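The values are calculated or read from the model by the stated rules, or taken from the named source; none is laboratory data. All of these numbers come straight from a predicted model, not from anything done at the bench. All Cβ positions, glycine included, derive from the backbone under ideal geometry; neighbour counts span all protein chains shown.
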Amino acid sequence: MGILMSVAMAFAAVAAARVARHRVNTAADLSALAAAKLAIADPDEACRRAAIVAAENGATLIKCQMNDEIADVWTSLTARLPFVGPRSLTGRSRAGPGREGQAVDQAESPSALDRPASPQRHESRHQATSSNL
C-alpha cells in the first residue's frame, strides 16, 4: 500500500509540473500574439498589452522585444510543486505575420503531421478503391 501511495504521489508531482509548464508556455504564446497584433500600429503599446495578457494568464512578462513585425516574449511563473517546493518556470514565444501566399492549413510544424486526413478525403479514396473492384 505504501508503494502504491508513493507512486501516486510521484505521478501527482509530475502532473503538477506539466500543468505549470503548459501554463507558462500558453501565457507566452498568447502574449506574443497580442503583441504581434499591435507590432506595426503601435510597437510601444504592443509590449504593454503582452504584459497584461501574461498577467491575465497567471504569469509575468519578463522580456518583450519587437523586431519589425515580430514579437518575441518571455514569461515567468512560480509554481509550487509537491516534494520540491516553489520553482520558477520560463516560457518563450515568437509571433508575427505568416509568409505571403501560404495558407494556414499548410503549416510547417510538427503538429501539422499529426492532423488526421479530413473525412471527405478518406471517403473519396474509399470510393475510388471501391470503383476499381
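Of Ala36, Ala16, which residue is in contact with a Pro (Cβ under 8 Å, 6 or more places away or on another chain), of a type outside the set (Val, Ile, Thr), more than 24 Å from Gly85 (Cα to Cα) and surrounded by 14 or more Cβ atoms within 10 Å (Cβ to Cβ)? Criteria check complete, one pass: Ala36. The set of residues in region 20-41 being touching a residue at least 40 places away in the same chain (Cβ under 8 Å) and charged (D, E, K, R) consists of Arg21, Arg23, Asp29. Hey, among the residues in region 50-86 that are over 28 Å from Ala15 (Cα atoms) and in contact with an Asp or Glu (Cβ under 9 Å, 6 or more places away or on another chain), which one's surrounded by the fewest Cβ atoms within 10 Å (Cβ to Cβ)? Per the stated criteria, the residue is Gln65. Cβ-Cβ distances below 7 Å connect the following pairs, each with a first residue in region 42-56 that is closer than 26 Å to Thr78 by Cα, a second residue that is among the polar types (S, T, N, Q) and surrounded by fewer than 21 Cβ atoms within 10 Å (Cβ to Cβ), and a separation of six or more residues or different chains: Ala54/Thr60. Considering region 35-133, the qualifying helices (runs of 4 or more DSSP H), each wholly inside and each with 2 or more residues that are at pLDDT 50 or above, run over 43-56. Against the list (1) in contact with a strand residue (DSSP E or B) (Cβ under 7 Å, 6 or more places away or on another chain); (2) surrounded by fewer than 19 Cβ atoms within 10 Å (Cβ to Cβ); (3) part of a helix (DSSP H, G or I), the condition Ser6 fails is (1).
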